[in-house]
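I have a structure here, written as structure tokens, and I will follow up with some questions on it.
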Amino acid sequence: MTERIRVGLADHPYDIVVGRDLLRRIHELVEFPIKARTAALVTQPAIAGLYADAVEGSLRNAGLEVVRVEVPDGEVAKDLQVLAGLYTTLARIPLTRQDLVVALGGGVVGDLAGFLAATWNRGVPVLQLPTTLLAQVDASIGGKTGVNLAEGKNLVGAFHQPLAVIADVATLATLPDRERIAGLGEVVKYGFIRDSRILDLLESDPAAAKRGDPDLLEELVRRSAAVKASVVAADERETGERAHLNLGHTHGHAVEALTGYTAVLHGEAVAIGMCTALRVGILEGITPPDLLGRCEAILTELGLPTTAPQLDRDDVWATMARDKKADAGVRFVLLEGLCRCTVTTPDRANVDRAIDEVEAG
Ligand code: GLY
């Protein structure tokens, strides 16, 4: 079943379409700008081999000329040099203000191509075609785009909402198990912050979630995307409730960064960070203790980590604070109850104790 989820932003509403085998039907699913003639299809070789021909065919069926532009595989593509090369390519096409960029791939391609579109000719539309679980439930929705610097991830970026998001869950079948399971870390997060039915679904058949059962994954993507859509519609620029999406990300980001972004995948780091946040909340007297047991049980069934590697605590604090002045405290998203978030600066001793517990396992 194909479902449309509306991201109800006043200035630029758009649809997330969730279903199977959608990439060859883009021309039926998306309303392209009437004057668009050319689509720059930005992708990576590992993805292009699987889906680019189908996507190109469908874009041509929509009356567009397609220029395929491949950037290197992996996170290295989110780079200013790569971006500069893309600008040159667009200038040579030439891609006009009426045309569009299409992002086919995971979060790296979505962020890079999204930023390219945000800045090319002062902004052209971008169609997001996410092919990983993480990108389908998070990165492709909500308009955050950007590239990395040596000094940190996503330091150069812009908000640029897409024309539409087409989440073809059939693409998840080709993901490595570890990557797909890591994506479930973000799905569990949506269950705890807004939609507890997600938790029920995971608890009733964790093995199906773990092996990537297509029907279950489709429902999980649909529900997760719906949560993200409603949060973004309520708070596009993260002045309030959009911060709730960061449950598990405070300690999680630090674990991810301090282990070099490869030893612990993003969704795995979020899983660890959720355990930390729940423990902090319990120590602060905010979070009902049973939520921790529930979270750990679900994560364990899915094969996600609930314990953190031992890391230098000063480095953890500095990374959590994103600068060297961690003494002022660090903000955490905590749960006052199931699907009830609060953002607060907890007592430093409680954070240290929670991290001690999560590192001890
Ligand atoms: N990934 C968090 C957000 O989009 O706000």
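Go over the candidates Leu247, Leu217 one by one and state the one that is of a type outside the set (D, E, K, R), buried (at least 22 other Cβ atoms within 10 Å of the Cβ), touching a Leu at 6+ places or on another chain (Cβ under 8 Å) and under 18 Å from Ser140 (Cα atoms). Can you show your working first?
On the way: Leu247 fails: under 18 Å from Ser140 (Cα atoms).
When all the criteria are applied, what remains is Leu217.
Which condition number does Leu278 fail, the rest of (1) within 16 Å of the ligand (Cβ to nearest atom); (2) outside any loop (DSSP other than H, G, I, E, B); (3) out of contact with any Phe, Trp or Tyr (no Cβ under 8 Å at 6 or more places or on another chain) being met?
Among (1) within 16 Å of the ligand (Cβ to nearest atom); (2) outside any loop (DSSP other than H, G, I, E, B); (3) out of contact with any Phe, Trp or Tyr (no Cβ under 8 Å at 6 or more places or on another chain), the lone unmet condition for Leu278 is (1).
Could we say that Thr287 is hydroxyl-bearing (Ser, Thr, Tyr) and touching a residue at least 40 places away in the same chain (Cβ under 8 Å) here?
Yes: the conditions hold for Thr287.
Just give me the residues in the stretch 106-141 being more than 16 Å from the ligand (Cβ to nearest atom), more than 13 Å from Leu163 (Cβ to Cβ) and out of contact with any strand residue (DSSP E or B) (no Cβ under 8 Å at 6 or more places or on another chain), in sequence order.
Within the stretch 106-141, Asn121, Arg122 qualify.
Within the stretch 155-176, which residues are in contact (Cβ under 8 Å) with a residue 60 or more places away in the chain and farther than 15 Å from Val221 by Cα?
We begin by selecting, within the stretch 155-176, every residue in contact (Cβ under 8 Å) with a residue 60 or more places away in the chain; these are 156, 159, 161-171, 174.
Passing the criteria: Val156, Phe159, Gln161, Pro162, Leu163, Ala164, Thr174.
Within the stretch 316-332, is there a residue that is assigned to a strand (DSSP E or B) and within 18 Å of Arg194 (Cα to Cα)?
Yes - at least one qualifying residue is present in the stretch 316-332.
Search the stretch 255-275 for residues being within 16 Å of the ligand (Cβ to nearest atom) and among the small types (Gly, Ala, Ser), and hand back the single one that is nearest to Lys144 (Cα to Cα).
Gly267
What's the number of the condition Tyr190 fails, among (1) buried (at least 22 other Cβ atoms within 10 Å of the Cβ); (2) within 16 Å of the ligand (Cβ to nearest atom); (3) more than 22 Å from Gly273 (Cα to Cα)?
Tyr190 satisfies every listed condition except (3).
Step by step: first the residues of the stretch 32-80, then only those that are small (Gly, Ala, Ser) and under 21 Å from the mean Cα position of the chain (by Cα), then the one that is surrounded by the fewest Cβ atoms within 10 Å (Cβ to Cβ). Which residue is that?
Residue satisfying both the conditions and the ranking: Gly74.
Output the residues belonging to the stretch 200-247 that are at positive phi and either more than 12 Å from the ligand (Cβ to nearest atom) or in a helix (DSSP H, G or I) (or both).
Of all residues in the stretch 200-247, those at positive phi come to 212, 238.
The answer is Gly212, and nothing else.
FYI, it's all coordinate maths here, none of it is from the lab. Model, not experiment: these values are computed from the prediction. As a convention, Cβ positions derive from the backbone with ideal geometry for all residues, glycine included, and neighbour counts pool all protein chains shown.
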